[in-house]
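Taken together, the values in this text are just the output of simple stated rules run on the coordinates, not laboratory data. Every value quoted in this text rests on a predicted model; they were computed, and no experiment measured them. Heads up, the Cβs are rebuilt from the backbone with ideal geometry, glycines too, and the neighbour counts pull from every protein chain shown.
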Amino acid sequence: MTHDFKTLNIQQDVDLQPFNTLATPAMAQWYTELTDDRQLPEVRRFLAKKQCPLLVLGGGSNVVLDERFSGLVVKVSTRGRQVIAEDEQSVVVRFAAGECWHHIVMWAVEQGYYGLENLALIPGSVGAAPIQNIGAYGVELVNIFESLDAFALDTGEYLTMSAQQCQFAYRDSIFKNELKDKVIITSVTLRLYKTARLMLDYPALKMALSNTGTSLLSPMTVAQAVIRIRQSKLPDPAELPNAGSFFKNPIVSASQLKTLQRQYADIVFYPLSSGDCKLAAGWLLDKAGWKGKMVEQIAMHQQQALVLTNPHRQNGRQVLNFADRVREAIVLQFGVELEIEPRVFVH
Ligand code: FAD
Ligand code: NAP
């Protein structure tokens, strides 16, 4: 306990292995749980006094941690939900950053609200969702996003940011760029819809719902289909440590795609409005023989080649060494660079 910080319970040398879904061994020099946004000025004072860095943690499902973090880890554990506007078409709801993402999806679909159903069973917290503009089955956070509230660490001010200010892009936002490590997101406000607007383009989802009559399609039936698909192919981090997709789907130019198609006629790609193409990284990994392949106790998953699994709880450096081997193999075979999706805190 540090006595001059009254509203924060700051602990020393805290084990972060249970707080990251890759289960890499990791220790925090200092650790605290944020349960009330009014504790934030004290977080700022602590950082200034100790002159140390900050690591903000939600559910730890999109991070690669180092064996030791010499600084303060703040686990965002605030709770709450507030309807702030409502009309015939939609409802605008503010969710505290520490809420569990999947719980808010299930709450929304239970109310019959549209918008979140494709994003069911994504692990982690509400506050982390804007960091990479989470997405699944053709829906991204930006599609239902109204605004977010955040605490600026440099000035101590509270900010409200629009979607435009967040600069959302494919698995990307301003929080991975200019505002990296500069704010703590305290709440996210979403607009959910009362009238049908389903996105069922993804083949797996379409197929899972092919026997469900249109009149039975609801946010709940879609969320349940998404949950069934995900449970059938994605490893549960509680049983097999992983951080979801370890690499982003690479974007290549139309001419690079043409070159690749000459050698790989069956390459999986999706044209983008920009004229570029998104390649399915899972297909590249599968083609290159990485699906299910284990090297030094770390493996790409048997059911989904894009998911790196860490069954023997190797450390962050070992995870990155494995990822480097994978990336080098993909460059060598396809001339395509894979970018790591989770936030890497390993030095
Ligand atoms: P953490 O891992 O705790 O943090 C991630 C980053 O956000 C870190 O940089 C952290 O510092 C920062 N951060 C966290 N909270 C805050 C805050 N309040 N303020 C400021 N910064 C913050 N992602 C998808 O997009 N789509 C998917 O379908 C998907 N499926 C997944 C499936 C599995 C099995 C797993 C393990 C992961 C999956 N992911 C997916 C990745 C991950 O779940 C998401 O990125 C999620 O939003 C991370 O939330 P988290 O709370 O665990 O974030
Ligand atoms: P999938 O449905 O087998 O599809 C494979 C890849 O093809 C996906 O990466 C997806 O891109 C792309 N794709 C499929 N249909 C598409 C379409 N109609 N238009 C554009 N792109 C299309 O994928 P999956 O691995 O089972 O995952 C299902 C969804 O959950 C995907 O959206 C995926 O991103 C998401 N997911 C994300 C993570 C993570 O950690 N980030 C982990 C698991 C699942 P996109 O990835 O761009 O959608």
Bounding extents of the stretch 172-255 in its principal axis frame from Cα atoms, largest first in Å, are 47, 42, 32
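When you count, for each residue, the other Cβ atoms within 10 Å and take the mean per peptide, how do 328-337, 292-301 rank with the highest first?
Values: 328-337: 14.3, 292-301: 17.3.
Descending mean neighbour count gives 292-301, 328-337.
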Given charges at Cβ of Lys, Arg, Asp, Glu: the stretch 54-104 dipole, positive-most of 82, 59, 71: 71
Could you sort 276-289, 37-50 so that the peptide with the highest average Cβ count within 10 Å comes first and the rest follow in order? 276-289, 37-50
Quick one: which residues, 5 or more positions from residue 64 or on another chain, have an amide H under 5 Å from its amide H? H modelled 1.01 Å from N in the peptide plane, none for Pro or chain starts. 343, 344, 345
Would you mind checking which residues have amide H under 5 Å from residue 34's amide H? H placed 1.01 Å from N; only 5 or more apart, or other chain. 75, 76, 77
Here the stretch 333-347 yields Karplus 3J(HN,Hα) values (6.51, -1.76, 1.60; θ = phi - 60°; whole Hz; Gly and Pro given as x) of 7, 10, x, 10, 8, 9, 9, 5, 7, x, 6, 9, 10, 8, 9
Residues in the stretch 326-347 reached by a label modelled at residue 259 [backbone nitrogen below 19 Å; 7 Å Cα→Cβ]: 327-339
In sequence order, what are the phi-derived ³J(HN,Hα) couplings for the stretch 95-107 according to the Karplus relation 6.51 cos²θ - 1.76 cosθ + 1.60 with θ = phi - 60°, rounded to whole Hz, with x for glycine and proline? 10, 5, 4, x, 5, 6, 4, 4, 5, 6, 4, 5, 4
Kindly write out, for the stretch 314-320 in residue order, the coupling ³J(HN,Hα) from the Karplus curve 6.51 cos²θ - 1.76 cosθ + 1.60 (θ = phi - 60°), rounded to whole Hz, with x marking Gly and Pro. 5, 7, x, 5, 5, 4, 5
How many nm is it between the label spots at residue 216 and residue 12, if each spot is 7 Å from the Cα in line with the beta carbon? 6.1
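Once you have a ≥ b ≥ c as the square roots of the Cα gyration tensor eigenvalues for the stretch 292-347, tell me rounded if a/c is under 1.5, and otherwise prolate or oblate according to whether a/b is larger than b/c.
Values: a/c = 1.72, a/b = 1.19, b/c = 1.44.
The shape class here is oblate.
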Pull up all non-local amide H partners of residue 10: gap of 5 or more, or a different chain, and H-to-H distance under 5 Å with H placed in the peptide plane. 2
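What is the magnitude of the charge dipole of the chain about its Cα centre, with +1 placed on the Cβ of each Lys and Arg, -1 on the Cβ of each Asp and Glu, and no other charges, expressed in debye to the nearest 20?
Numbers: 34 positive and 35 negative charges, 108 e Å.
The calculation lands at about 520 debye.
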Per the C-alpha gyration tensor (a ≥ b ≥ c, the square roots of its eigenvalues), the stretch 72-194 is rounded if a/c is under 1.5, else prolate if a/b beats b/c, else oblate; here it's prolate
Which value, in debye to the nearest 20, describes the size of the charge dipole of the stretch 1-107 about its Cα centre when Lys and Arg Cβ atoms bear +1, Asp and Glu Cβ atoms bear -1, and nothing else is charged? 400
Packing rank of 174-180, 339-345, 214-220, 20-26, where each peptide gets the mean count of other beta carbons within 10 Å, highest leading: 20-26, 339-345, 174-180, 214-220
Cα-Cα separations in the chain greater than 24 Å, expressed as whole percent: 60
Between residue 82 and residue 204, Cβ-based FRET efficiency (R0 41 Å, step 0.05) works out to 0.75
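When a/c is below 1.5 the answer is rounded, else prolate if a/b is larger than b/c, else oblate, so apply that to the stretch 191-347 with a ≥ b ≥ c taken from the square roots of the Cα gyration tensor eigenvalues.
Working: a/c = 2.11, a/b = 1.31, b/c = 1.61.
Verdict is oblate for the stretch 191-347.
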